[in-house]
Amino acid sequence: MRRTQLQALLVIGAIGAALAMVQLLGIAGGLAGVALMAFSTVLSAPAAPEPGSRGLNWWALLAGGTALALIGVPLELLLEAPGGLLTAVGGGMAIVGVVFGYPG
């Protein structure tokens, strides 16, 4: 995967995490944000660090954050506080993963 492709995918993931956390567009914005996070996570998987390599595994943070947000956004329809908390933690994890994975 080329460096510019990875940069674009990570920016898409960060935008998705921000949309999911802020929910500026309501639940539809949250779902769109989770969809962007999932898109970024799946397509950036080939660039993930090898298991057991040194340093922070940024892709695991991105994938874990996406999974938490994927649970949190629909849960917000039924239980607003726990769903919002899961979405916020997941979005934060994804953004941290993007920051550490962004090629400089």
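The values are calculated or read from the model by the stated rules, or taken from the named source; none is laboratory data. For clarity, every value in this text was computed on a predicted model and none was experimentally measured. For neighbour counting, all protein chains shown are included, and Cβ atoms are generated from backbone atoms with ideal geometry for every residue, glycine included. Note: areas computed on protein heavy atoms with side chains; ligands, DNA, RNA excluded. Shrake-Rupley method; radii C 1.70, N 1.55, O 1.52, S 1.80 Å.
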Report task. Give the residue, chosen from A20, A32, A28, A45, that is small (G, A, S), under 10 Å from the mean Cα position of the chain (by Cα) and at pLDDT 90 or above. Result -> A20
Report summary line: Considering residues that are of a type in the set (A, V, I, L, M, F, W, C), loosely packed, with under 15 Cβ neighbours inside 10 Å and either under 15 Å from A14 (Cβ atoms) or in contact with a helix residue (DSSP H, G or I) (Cβ under 7 Å, 6 or more places away or on another chain) (or both), the number found within segment 72-91 is 1
Report summary line: Cβ pairs under 9 Å, 6+ apart or interchain, first in segment 51-62 and without any contact (Cβ under 8 Å) to a residue 24 or more places away in the chain, second exposed (fewer than 10 other Cβ atoms within 10 Å of the Cβ) and part of a loop (DSSP other than H, G, I, E, B), ordered by first then second residue, are N57/P51
Requested in this report: Restrict the check to segment 61-71 and report whether at least one residue is open to solvent by 60 Å² or more (accessible area, probe 1.4 Å) and out of contact with any helix residue (DSSP H, G or I) (no Cβ under 8 Å at 6 or more places or on another chain).
Outcome: no
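Looking at this structure, is I95 modelled with pLDDT of 95 or more, part of a helix (DSSP H, G or I), of a type in the set (A, V, I, L, M) and open to solvent by 70 Å² or more (accessible area, probe 1.4 Å)?
Working: modelled with pLDDT of 95 or more: yes; part of a helix (DSSP H, G or I): yes; of a type in the set (A, V, I, L, M): yes; open to solvent by 70 Å² or more (accessible area, probe 1.4 Å): no.
So I95 does not fit the description; no.
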Report task. Please go through segment 8-48 and pick out each residue that is surrounded by 15 or more Cβ atoms within 10 Å (Cβ to Cβ) and of a type outside the set (A, V, I, L, M, F, W, C). Result -> G13, G16, Q23, G29, G30, G33, S40, T41, S44
